[in-house]
């Protein structure tokens with residue numbers, strides 16, 4: 001799997017700065033070298049640091065931006081990176097500053113001189129998130145980022161503040177690894193096995209196979225996977241760190257390990273990216289891993305439906321009618337609108353078995369949400385203002401873009417079917433909203449619920465602030481914060 005950067009905290013050794021090799025990043029507060037490390041570097045470079053900090057280029061930079069001095073005289077290093085970050089700064093700016101350092105590290109040894117900055121832990125978190133690489137399928141093994149030494153005034157205090165963030169980072173990396181994996185590696189069997197391995201962290205894991213799913217009446221989910229050689233599964237993960245017997249919060253994820261569109265087959269161009277159609281399940285897995293690693297004082301259940309949508313002689317056809325676990329019958333208009341069929345059964349099962357205090361599902365569900373929001377924001381739909389607002393607040397605090405879109409009875413007319421209770425696809429206009437309206441049919445009225453359409457945010461073709469191109473791990477940070485703020489025992 002990926003090899004995350006190793007961050008080590010230690011005190012600043014001013015006497016040893018002149019002998020450092022590789023790269024040095026200096027966190028700069030202001031336009032003069034006032035900190036002990038900055039003064040030491042300025043003396044060794046014969047005033048170059050002071051001139052750079054007072055330059056117009058530095059003055060024009062926003063917090064978190066970086067000015068590079070290559071092979072500075074007086075030092076043995078490859079480069080000195082001056083990162084502008086005032087002491088009074090936001091969490092997001094501090095993380096972006098760390099990410100700016102990570103983008104410049106390469107495989108060089110690195111020392112980050114943070115000293116007494118109050119956001120030292122967040123700087124390190126941003127560095128770790130951006131330093132992620134996914135290279136297990138490269139023929140030449142990656143050297144990775146190795147170890148980064150972060151020099152601070154109080155290493156023990158910063159390490160303690162960084163520990164819960166390290167748990168979040170590992171959850172993000174786990175999600176990114178899953179989303180980045182090709183479908184010939186991450187089959188439904190392999191996915192389930194990776195989740196089962198989290199039992200070592202104290203998560204209770206249960207895998208429901210096709211025979212059990214059939215007995216439960218999950219015909220909507222099973223219909224999606226019936227054309228694949230990979231068996232459909234539902235995996236349940238329980239983290240029980242809260243009060244005994246207290247109802248859990250539920251996370252539900254769409255886990256289509258590859259989506260051809262089925263008989264309604266997709267165009268060839270871009271189909272290789274459909275390895276990410278299990279992104280919702282990947283986020284649920286990453287959140288559960290984070291909760292276990294930081295020993296969260298909450299009861300949370302994560303449930304993912306794992307299927308593969310393939311064309312085959314046994315595959316589901318447009319025009320088929322399937323009966324969901326709830327008993328609602330569905331006319332399949334388009335086999336490429338398969339994710340909502342998976343979620344329909346898993347949502348209902350989550351409520352029937354666990355009676356959750358609230359529920360959020362995640363899915364790379366519609367291309368329409370990308371048309372509406374691009375790749376900057378996840379589409380948010382909800383039946384409960386309190387839960388929705390709490391999630392949006394958590395997402396904003398974590399710098400993860402999210403935007404609430406409307407729902408309403410007026411959209412339900414498009415769901416009507418001539419043959420069954422509802423159809424699974426309603427055409428292009430309002431496509432993300434009608435998909436959410438479909439899912440709402442499988443949510444009980446008294447259960448607070450949010451649907452997160454992550455089709456535009458789960459995987460990007462270009463670098464983002466805290467991630468290289470590819471899988472982002474969007475949602476792990478926001479959901480972890482939501483659970484911590486709203487559902488965790490204080």
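The values are calculated or read from the model by the stated rules, or taken from the named source; none is laboratory data. Fair warning: this is a prediction, and the values are worked out from it, not measured in the lab. Heads up, the Cβs are rebuilt from the backbone with ideal geometry, glycines too, and the neighbour counts pull from every protein chain shown.
In region 437-454, the count of residues that are in contact (Cβ under 8 Å) with a residue 12 or more places away in the chain, in the same structural domain as residue 356 (by TED's automatic domain parsing), out of contact with any strand residue (DSSP E or B) (no Cβ under 9 Å at 6 or more places or on another chain) and surrounded by 16 or more Cβ atoms within 10 Å (Cβ to Cβ) is one or more. Checked against (1) more than 30 Å from residue 490 (Cα to Cα); (2) surrounded by 24 or more Cβ atoms within 10 Å (Cβ to Cβ); (3) within 20 Å of the chain's Cα centre (by Cα), residue 274 meets all criteria but (2). Taken together, the residues in region 175-191 that are touching a helix residue (DSSP H, G or I) at 6+ places or on another chain (Cβ under 6 Å) and either more than 20 Å from residue 457 (Cβ to Cβ) or outside the structural domain of residue 285 (by TED's automatic domain parsing) (or both) amount to 2.
Here residue 431 fulfils each of the conditions (1) farther than 20 Å from residue 277 by Cα; (2) touching a residue at least 60 places away in the same chain (Cβ under 8 Å); (3) over 23 Å from the mean Cα position of the chain (by Cα) apart from (1). The set of residues in region 376-405 being under 18 Å from residue 340 (Cα atoms) and either without any contact (Cβ under 8 Å) to a residue 40 or more places away in the chain or assigned by TED's automatic domain parsing to the domain that holds residue 129 (or both) consists of 405 alone. Can you spot a residue in region 272-293 that is modelled with pLDDT of 95 or more and not in a helix (DSSP H, G or I)? Checking region 272-293: not a single residue is modelled with pLDDT of 95 or more and not in a helix (DSSP H, G or I). Mind checking which pairs have a first residue in region 9-27 that is farther than 22 Å from residue 87 by Cβ and a second that is in a strand (DSSP E or B) and at pLDDT 90 or above, Cβ under 8 Å, 6 or more apart or different chains? Close Cβ pairs (under 8 Å, with a partner that is in a strand (DSSP E or B) and at pLDDT 90 or above) amount to 13/151; 20/111; 22/111; 23/79; 23/80; 23/81; 23/111. Against the condition on the phi > 0 side of the Ramachandran plot and either surrounded by fewer than 16 Cβ atoms within 10 Å (Cβ to Cβ) or under 15 Å from the mean Cα position of the chain (by Cα) (or both), how does residue 399 come out, does it pass? In short, yes.
Considering each residue of region 67-75 in turn, none proves to be crowded, with 21+ Cβ neighbours inside 10 Å and modelled with pLDDT under 95.
With respect to the conditions (1) over 28 Å from the mean Cα position of the chain (by Cα); (2) buried (at least 23 other Cβ atoms within 10 Å of the Cβ), residue 115 lacks only one, and its number is (2).
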